[in-house]
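Take a look at the structure below.
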Amino acid sequence: MDSKYFTEEHEMFRKSFKDFLRVEVVPHIEKWEKTGTIERFIWKKFGEMGFFGLTYPEAYGGLNLDLFYTVIFLEELQKIKSSGFAAAMWAHSYLAMTHLNAEGDERIKQEYLAASISGDKIGALCISEPFGGSDVAGMRTTAVKSGDKYVINGSKTFITNGVYADYYVVAAKTNPELGNKGISIFLMDANLKGVNATKLDKLGWRASDTAEISFDNVEIPAENLMGEEGKGFAYIMQHFALERLIMAVNAHARAEFAIEYTIDYMSQRQAFGTSIDKFQALRHTMVNHATEVEHCKIFNYAAVERLNKGEYVVKEATMAKLKSTKVADEAIYDCLQMLGGYGYMEEYPLARLFRDSRLGPIGGGTSEILREILSKMIIDKRSYEPAVK
């Protein structure tokens, strides 16, 4: 136990969550990976156990705990052989729900945040677009005010939980001529007329539902604007720090799991009369990866601690995701190699881990975009300030 960050209560939670996953989730993983559908009952069970409300206010059914409970939640979800299932859970809890909690008014929190914490409603965050990708400011979806309603037109893509969801948190331009200063955030029920969600076929994250969503003259109440009109871009940027740290923690956790599994395999695999963990070249390869992963983990924990104290860690979170996802990809690539032909077989976890991990440097801002963001901060001395609701 790392006592600098994790208390005895944290570790009790870790054990409880691991036991829950082993009993309630693991038996269904292979079915969900094959069907591409996570059954609704498990969302409710997560809600009943309080797992969706770890960091949220008690007033809405949350537990108001520190972010290191979230770290445990993320780390253990990476160890059950389905990053797709993990993504569905954390995208609901920390992408969609983060905006409800931060920008939603009391009505929205009572009706949607509370139901999300209990597992009765599933949410999806809708930002990326077919022609925009990581270019948030370039989005084309519009929201035009008409009386007491907004009319939304456009499309979103790569939306985790896009088909499962009961509601969407949608970014749209209320004043397109203002660029990123014209973006606003809205709450939208997924069953409204004019909403169409199409499931996408992916390389990895097979259990996760990823969708392309179109909005054709979708009418929502004006009161479903969240926060202030025109401040959507600032809200999104502010929450990207948490999203990037989530993906960084996911990365170090899945790499750690891959290394532990591979070292155990190497201790049992015999070649030329000895176990392959005795071959120096292989040993040194694994040690190099373990060292890189440990460096990432320590950095990620330090960034989480600062975010937990309320500091604005956009630079550190961006660095964490950039480095950790690259390190995880490289580690898992070599772990698969250590298993030889068995690494390529679906009955072993490395094949799926290899596919699932590849999304790390893409989702939540590609590595190329992150390098440019860091270039602006480090070289151009640009500073990013938190949004004020």
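The values are calculated or read from the model by the stated rules, or taken from the named source; none is laboratory data. Given the structure is predicted, the values throughout are model-derived calculations rather than measurements. Neighbour counts run over all protein chains shown; Cβ positions are idealised from the backbone, glycine included. SASA here: full protein model, heavy atoms, side chains in, ligands and nucleic acids out. Shrake-Rupley method; radii C 1.70, N 1.55, O 1.52, S 1.80 Å.
Out of all the residues in the stretch 170-185, is one or more open to solvent by 10 Å² or more (accessible area, probe 1.4 Å), closer than 17 Å to Ala91 by Cα and in a strand (DSSP E or B)? Within the stretch 170-185 (the criterion being open to solvent by 10 Å² or more (accessible area, probe 1.4 Å), closer than 17 Å to Ala91 by Cα and in a strand (DSSP E or B)), the answer is no, since none of the residues qualifies.
Considering each of Glu347, Glu385, Glu372 in turn, give the residue that is open to solvent by 10 Å² or more (accessible area, probe 1.4 Å), of a type in the set (Asp, Glu), at pLDDT below 95 and outside any loop (DSSP other than H, G, I, E, B). Lay out the reasoning, then the answer.
Details: Glu347 fails: outside any loop (DSSP other than H, G, I, E, B); Glu385 fails: outside any loop (DSSP other than H, G, I, E, B).
Answer to the selection: Glu372.
The condition (being surrounded by 16 or more Cβ atoms within 10 Å (Cβ to Cβ), out of contact with any Leu (no Cβ under 6 Å at 6 or more places or on another chain) and within 20 Å of Asn101 (Cα to Cα)) is satisfied by just one residue among Ala190, Ala207, Ala222: Ala190. Count of the stretch 49-73 residues, restricted to those that are under 17 Å from Leu307 (Cα atoms) and charged (D, E, K, R), is 1. Can you find a residue that is outside any loop (DSSP other than H, G, I, E, B), touching a residue at least 60 places away in the same chain (Cβ under 8 Å), open to solvent by less than 40 Å² (accessible area, probe 1.4 Å) and more than 30 Å from Glu311 (Cα to Cα) anywhere in the stretch 230-245? No, because not a single residue in the stretch 230-245 is outside any loop (DSSP other than H, G, I, E, B), touching a residue at least 60 places away in the same chain (Cβ under 8 Å), open to solvent by less than 40 Å² (accessible area, probe 1.4 Å) and more than 30 Å from Glu311 (Cα to Cα).
Is it true that Ser118 is without any contact (Cβ under 8 Å) to a residue 40 or more places away in the chain and either among the hydrophobic types (A, V, I, L, M, F, W, C) or under 29 Å from Ile42 (Cβ atoms) (or both)?
no
Need pairs with beta-carbon distance below 8 Å; first residue open to solvent by less than 50 Å² (accessible area, probe 1.4 Å) and within the stretch 97-108, second among the β-branched types (Val, Ile, Thr) and not in a loop (DSSP other than H, G, I, E, B); sequence gap 6+ or separate chains. If the second residue must be among the β-branched types (Val, Ile, Thr) and not in a loop (DSSP other than H, G, I, E, B), the pairs left are Met97/Ile117; His99/Val169; His99/Ile185; Leu100/Ile108; Leu100/Val169; Glu103/Ile185.
The listed residues are Ala255, Ala303, Ala251, Ala271, and the only one of them that is touching a residue at least 40 places away in the same chain (Cβ under 8 Å), over 20 Å from Asp329 (Cα atoms) and hydrophobic (A, V, I, L, M, F, W, C) turns out to be Ala303.
Scan the stretch 149-163 and tell me whether some residue there is among the aliphatic types (A, V, I, L, M), surrounded by fewer than 19 Cβ atoms within 10 Å (Cβ to Cβ) and part of a strand (DSSP E or B). Scanning the stretch 149-163 turns up at least one residue that is among the aliphatic types (A, V, I, L, M), surrounded by fewer than 19 Cβ atoms within 10 Å (Cβ to Cβ) and part of a strand (DSSP E or B). Name the single residue that is farthest from Leu67 (Cα to Cα) among those in the stretch 291-332 being open to solvent by 40 Å² or more (accessible area, probe 1.4 Å), part of a helix (DSSP H, G or I) and of a type in the set (Lys, Arg). The qualifying residue farthest from Leu67 (Cα to Cα) is Lys326. Lys79 passes every criterion in (1) touching a residue at least 40 places away in the same chain (Cβ under 8 Å); (2) in a helix (DSSP H, G or I); (3) open to solvent by 30 Å² or more (accessible area, probe 1.4 Å); (4) under 21 Å from Asp356 (Cα atoms) apart from (2).
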